[in-house]
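Rule-based calculations on the coordinates, nothing more; no lab input. Quantities reported herein were computed from a predicted structural model and do not represent experimental measurements. With ideal geometry, Cβ positions are generated from the backbone for all residues, glycine too; neighbour counts draw on all protein chains shown.
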Amino acid sequence: MGAISIREFQPDDIESFHALHDAVFPPVPFEEMRRWMARDDVTAGVAVQDGRIVGEIPLHIRRFVLRPGVSVRVAFEHSVCVDESMRGEGVGSRIQDAMKQFIRDRVEALTVYRGGERTAAYNHYDKNGLTDCCYMRGWVNSAPESVAEAIGEPLDAPAIIEREQQFAASFASANAHAGGYQQRDPGFYEIAFMQLEAVELGGEYAALAVEEEGRPLGHCIVRLIEGQAVRVLELAPRGRDLAMAARLLRGVCALATDRRVAVSVELHDGGAYTPVFEALGFRPQPRGNMIMACPLDWERLANIVWAPQSELSTVRVRVWTPQEEFVAHEPGGEPTREITVEMKHHQAVRWLMCRLNLAPLVAQEIVMIRGARPGDLEALSRAIPFSAWEYQGIDHI
């Protein structure tokens with residue numbers, strides 16, 4: 001057997017690439033795989049031996065919202081697979097290392113939706129520098145008939161795509177307080193309905209929408225798979241109207257009642273709509289999936305997420321971790337002084353992803369600031385603030 005080479009996916013790889021995918025995951029038609037891998041926002045890292053793909057990590061490049069008004073480019077890993085004969089030999093880690101180089105100029109971070117914190121698959125990402133940025137919990141309503149109230153006929157996928165602007169506007173209004181989701185750019189819904197996991201899972205998409213006098217008040221998108229639970233994928237009541245959220249969810253429960261199945265969803269514990277689900281009889285499961293991330297260009301990411309603070313306008317802010325050292329803020333002119341935020345790798349990742357509240361960790365001496373003056377900590381906490389996230393199942397890949 002020849003040596004294994006690691007590189008970026010090339011179009012001529014498609015047959016071997018498809019064969020390895022279908023040996024591990026639910027099969028997808030060859031032309032669907034070819035179409036997906038031909039997209040400009042899709043690529044992969046591959047391991048090649050004797051002209052055959054023996055390992056692959058597909059990537060979908062997305063604009064991801066970290067906090068209100070701030071989004072970055074990320075590459076979500078998905079459908080990761082290594083030939084059975086090669087497992088345990090570090091092939092996946094070698095692909096990770098190569099991807100961090102060839103994708104570096106195109107995205108700010110590598111990201112993945114992952115579960116199973118006690119599994120080898122989770123450990124693969126953890127040891128390769130991806131850090132948990134949030135946790136989602138499954139919630140299930142096994143008796144949807146008890147709260148069901150029908151609100152009209154569901155819209156199918158083509159109708160959702162036709163109303164794309166309306167749906168995107170409702171989503172923006174419902175989630176303007178948070179990050180943690182893919183930006184709803186033009187074409188978002190069509191891509192969501194044709195991405196690789198959607199093809200693997202099968203089923204159909206549907207939406208319940210509420211309007212009054214032609215004015216949209218909100219919608220809820222679900223996945224319907226015959227004989228299985230109705231899955232809530234996107235809840236978007238305009239203006240974060242909790243009464244409208246409940247009305248939409250009662251409609252989903254009526255849909256599930258007609259199909260004689262339960263309703264399920266994944267939520268953040270602190271999400272704005274989690275109390276509505278709980279009030280309607282949804283019950284929490286142990287925490288499951290999380291979003292993990294690894295910055296590729298730390299300084300570029302810091303420059304994007306940094307909110308200018310007058311107190312720090314002439315201060316150079318460095319970040320030190322056992323693995324990384326970088327400048328989080330560089331003044332326009334000669335710096336008058338310098339401070340260094342000292343933290344662990346995972347804390348630095350979470351801070352740049354707007355998922356870390358700096359002040360309490362400094363108070364506990366978990367994070368330290370060298371050279372700080374009174375007011376610096378408060379200014380740093382405002383410069384890269386913690387943001388609530390609202391995970392959306394429709395984003396999952």
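Applying the Karplus relation 6.51 cos²θ - 1.76 cosθ + 1.60 with θ = phi - 60° to the stretch 56-73 yields 3J(HN,Hα) values of 8, 10, x, 10, 10, 7, 9, 8, 10, 7, 8, 7, x, x, 10, 10, 9, 8 Hz, where x marks Gly and Pro.
Using the Cβ of residue 224 as centre and a radius below 9 Å, the other residues enclosed give a net charge of +1, where K and R count +1 and D and E count -1. Converting phi to 3J(HN,Hα) with the Karplus coefficients 6.51, -1.76 and 1.60 and the offset θ = phi - 60°, the stretch 37-53 yields 6, 7, 5, 5, 9, 10, 8, 6, x, 10, 10, 10, 9, 6, x, 10, 6 Hz in sequence order, with x at every glycine or proline.
Placing +1 on the Cβ of every Lys and Arg and -1 on the Cβ of every Asp and Glu, with no other charges, gives the stretch 40-134 a dipole of roughly 340 debye about its Cα centre. Taking the chain as a Gaussian network of alpha-carbon nodes connected by springs under 10 Å, the highest mean-square fluctuation of the residues 275, 29, 68 belongs to 29. A Cβ-based charge dipole, computed about the Cα centre of the stretch 142-198 with Lys and Arg at +1 and Asp and Glu at -1, lands at about 240 debye.
Counting charges near residue 311 (Lys, Arg +1; Asp, Glu -1) among other residues having Cβ under 11 Å from its Cβ returns a value of 0. For the chain, a Gaussian network of Cα nodes joined below 10 Å ranks 364, 309, 347 by mean-square fluctuation, and the top entry is 364.
Only Lys, Arg, Asp and Glu carry charge here, each on its Cβ (+1 for the first two, -1 for the last two); on that basis the chain has a dipole of about 1020 debye about its Cα centre. Here's the picture: charge each Lys and Arg Cβ at +1 and each Asp and Glu Cβ at -1 in the stretch 298-383, and of 369, 379, 358 the one pushed furthest to the positive end of that dipole is 358. Relative to the current alpha-carbon distance between residue 311 and residue 25, full extension at 0.36 nm per residue lengthens the span by 97.7 nm. Over all orientations, the chain has a Cα convex hull whose mean projected area works out to 21.6 square nanometres.
Each semi-axis of the equivalent ellipsoid for the stretch 4-129 is √(5λ) with λ an eigenvalue of the Cα gyration tensor; in descending order they amount to 23, 18, 14 Å.
Each part reduced to its alpha carbon centroid, the stretch 82-160 and the stretch 1-61 end up 18 Å apart.
What number comes out for the charge environment of residue 115, summing +1 per Lys or Arg and -1 per Asp or Glu over other residues with Cβ under 12 Å away? Net charge in that neighbourhood comes out at +1.
Taking every DSSP bridge with both residues inside the chain, close to 85 percent are antiparallel. Rg over Rh for the stretch 185-230 works out to 1.06, using Cα positions for both radii and the Kirkwood form for Rh.
Computed over the stretch 269-378, the P(r) curve from all C-alpha pair distances, binned at 5 Å from the origin, holds 2, 10, 18, 20, 15, 11, 8, 7, 5, 3, 1, 0 percent per bin. Normalised by 2.2 N^0.38 Å, where N is the number of residues, the alpha-carbon radius of gyration of the stretch 103-145 equals 1.67.
Using C-alpha pairs under 8 Å with a sequence gap of at least 6, the mean separation divided by the residue count of the stretch 4-129 gives a relative contact order of 23 percent. Amide H to amide H, with H built 1.01 Å from N, residue 131 comes under 5 Å of 293, 294, counting only residues 5 or more places away or on other chains. Were the residues from residue 269 through residue 118 laid out at 0.36 nm apart, the gain over their Cα-Cα distance would be 52.3 nm. Report the Rg/Rh value for the stretch 25-70, based on alpha-carbon coordinates and the Kirkwood definition of Rh. Rg/Rh for the stretch 25-70 comes to 1.12.
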